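A.B. asks: Before I ask anything, here is the structure I am working with.
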Amino acid sequence: MTCAEPPVLSQWETSRRLFLQALGAAFGGRASVASAQVRARAHIPRIGLLAAGSASLHIDKDPEQGVFVGLRELGYVEGQNIVLEWRYAEGKPERLAILAAELVRLRVDAILAQGPAPRLAASKATSRIPIIAVAGADPVREGWARSLAHPGGNMTGLTVTYPELDSKRLEIIKQAFPDVVRMAVLLSPNELPIAKEMARDLESSARQLGMQMEVLEVRAPDDLQTAFVAARQNKVQAVYAIATNLVVENRERIAGLAIQNRLLSISEFPVMAQAGFLLSYGADLTDLLRRSVAQMDKVLKGVPVGDIPIERPTKFQLSVNLKTAKAMGLTVPQFLLQRADDLIQ
């Protein structure tokens, strides 16, 4: 059996087929470009959220509600036009580097770092992905920004406090309880790049208020008991706990140790008073996280992250835990009760 030879095409038919192939290639190419454009338009931003603590319950008093408030205000709906990748270190700082690297591998469009340790882990993991940090007091002094107006690099964010607020907390204690002459500051130097400078500033502020200041350093939860033993031996009357991730994660234990040792206690955020601290005064974390979403939105719209100014807190809350006051046999002055935004019964 012989194979039939292919038919000989006329010059006209050959030209026709070549024309149709070229036409198909042209439309096919345009279709491919159009398809790619559709895919680009359909890109759903993926945001990494890195925290040192435990997974949030996302209840009303949970500061992370601020993330969802911010998303709603800007028209984001999780799972529809944005994807959130939550990563929690569960109180184990050594996990932060692993979790930050995981977010980098996922190629997230931005990372929201909650606290100084997550900020540091994220900055070590990437110099390319934009980072929005909610952390610190003085970013220039702490080394993660060139200036507040133009931070540069791949990071911006919001500070959770600023130096003047530290002095304000000492003033609150002294005004409410004038007999206090010996205070201690509880701080985690591993999480505070400028711990020594902060301690010096607090000692200076304490002296101006007629008080002496002790420094109690804690690097791990096991150090807390030892710190309070030292406070008792040094006849400390009140303790100011700087709310880094280690302190916040162990807030109930610290509050309990303060009550046990009959020490007045103050810290920065409402969650601390809710956990048993006598007083808290500082930034509204819910508002800070809400505002961090607005910065993230600017990044997603193409604004260079290094050109987005670092912002400071603008909303503050004073909380008084009356249960703690009762447990310690304290009478909270009326003027403080009238100023308080939240009285915890």
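A.B. asks: Within segment 220-229, does at least one residue satisfy the condition of being among the polar types (S, T, N, Q), in contact (Cβ under 8 Å) with a residue 60 or more places away in the chain and either open to solvent by 60 Å² or more (accessible area, probe 1.4 Å) or within 15 Å of residue 53 (Cβ to Cβ) (or both)? Before the answer, list the steps.
C.D. replies: If we filter segment 220-229 for residues that are among the polar types (S, T, N, Q), which is where we start, we get 225-226.
Keeping just the survivors that are in contact (Cβ under 8 Å) with a residue 60 or more places away in the chain gives none.
No - not one qualifying residue is present in segment 220-229.
A.B. asks: Output the residues belonging to segment 265-288 that are touching a Leu at 6+ places or on another chain (Cβ under 9 Å) and surrounded by fewer than 23 Cβ atoms within 10 Å (Cβ to Cβ). Steps first, answer last, please.
C.D. replies: Restricting attention to segment 265-288, the residues satisfying the condition of being touching a Leu at 6+ places or on another chain (Cβ under 9 Å) are 265-273, 278-283, 288.
Listed by number, the list holds a single entry, 271.
A.B. asks: Can you pull out every residue in segment 274-313 that is more than 18 Å from residue 45 (Cα to Cα) and hydroxyl-bearing (Ser, Thr, Tyr)?
C.D. replies: 280, 281, 286 - these are the residues of segment 274-313 that are more than 18 Å from residue 45 (Cα to Cα) and hydroxyl-bearing (Ser, Thr, Tyr).
A.B. asks: A follow-up question, please. Quick one: which of 303, 218, 247 is over 23 Å from residue 167 (Cα atoms) and hydrophobic (A, V, I, L, M, F, W, C)?
C.D. replies: It is 303.
A.B. asks: Now for a different question. Answer yes if at least one residue in segment 160-174 is modelled with pLDDT of 95 or more, within 19 Å of residue 239 (Cα to Cα) and surrounded by fewer than 16 Cβ atoms within 10 Å (Cβ to Cβ), and no otherwise.
C.D. replies: Yes, that holds for at least one residue.
A.B. asks: As an exercise: evaluate residue 201 against (1) under 21 Å from residue 272 (Cα atoms); (2) of a type in the set (Asp, Glu); (3) open to solvent by 60 Å² or more (accessible area, probe 1.4 Å) and give the number of the one condition it does not meet.
C.D. replies: So residue 201 meets the others, but not (1).
A.B. asks: Restricting attention to segment 83-98, and to residues there that are over 20 Å from residue 157 (Cα atoms) and touching a helix residue (DSSP H, G or I) at 6+ places or on another chain (Cβ under 8 Å), which single residue is most open to solvent (accessible area, probe 1.4 Å)?
C.D. replies: Here the answer is 93.
A.B. asks: Select, from 213, 183, the only residue that is in contact with an Asp or Glu (Cβ under 6 Å, 6 or more places away or on another chain) and either in a loop (DSSP other than H, G, I, E, B) or open to solvent by less than 30 Å² (accessible area, probe 1.4 Å) (or both). Show your work before the answer.
C.D. replies: Details: 183 fails: in contact with an Asp or Glu (Cβ under 6 Å, 6 or more places away or on another chain).
One residue alone meets the criteria, 213.
A.B. asks: In addition: Go through (1) open to solvent by 30 Å² or more (accessible area, probe 1.4 Å); (2) closer than 26 Å to residue 157 by Cβ; (3) assigned to a helix (DSSP H, G or I) for residue 338 and report which single condition fails.
C.D. replies: Exception for residue 338: condition (2).
A.B. asks: Out of everything in segment 125-149 that is crowded, with 24+ Cβ neighbours inside 10 Å and β-branched (Val, Ile, Thr), what residue ends up being nearest to residue 52 (Cα to Cα)?
C.D. replies: Looking at residues that are crowded, with 24+ Cβ neighbours inside 10 Å and β-branched (Val, Ile, Thr), I get 134.
A.B. asks: What pairs come out if I take residues in segment 92-108 that are in a helix (DSSP H, G or I) and pair them with residues that are of a type in the set (S, T, N, Q) whose C-beta lies under 6 Å away, six or more apart or interchain?
C.D. replies: Qualifying pairs under 6 Å: 104/126.
A.B. asks: Also, quick follow-up: Return the residue satisfying two criteria in turn: it lies in segment 306-315 and is touching a residue at least 60 places away in the same chain (Cβ under 8 Å) and open to solvent by 50 Å² or more (accessible area, probe 1.4 Å), and of such residues it is nearest to residue 283 (Cα to Cα).
C.D. replies: By that ranking, first place goes to 312.
A.B. asks: Considering segment 293-321 alone, what residues qualify as being of a type outside the set (Val, Ile, Thr) and within 17 Å of residue 271 (Cβ to Cβ)?
C.D. replies: 313, 315, 316, 317, 318, 319, 321
A.B. asks: Here is a further query. Across segment 290-319, what is the total count of residues that are part of a strand (DSSP E or B) and under 12 Å from residue 157 (Cα atoms)? Before you say what the answer is, go through the steps one by one.
C.D. replies: Initially, segment 290-319 is screened for residues part of a strand (DSSP E or B), giving 311, 316-319.
Retained after the next criterion (residues that are under 12 Å from residue 157 (Cα atoms)): 311.
Matching residues across segment 290-319 total 1.
The values are calculated or read from the model by the stated rules, or taken from the named source; none is laboratory data. Remember, predicted model here, so these are calculated numbers, not experimental data. Virtual Cβ from ideal backbone geometry, glycine too; neighbours counted across all protein chains shown. Keep in mind that these areas ignore ligands, DNA and RNA; they rest on the heavy atoms of the full protein, side chains included. Shrake-Rupley method; radii C 1.70, N 1.55, O 1.52, S 1.80 Å.
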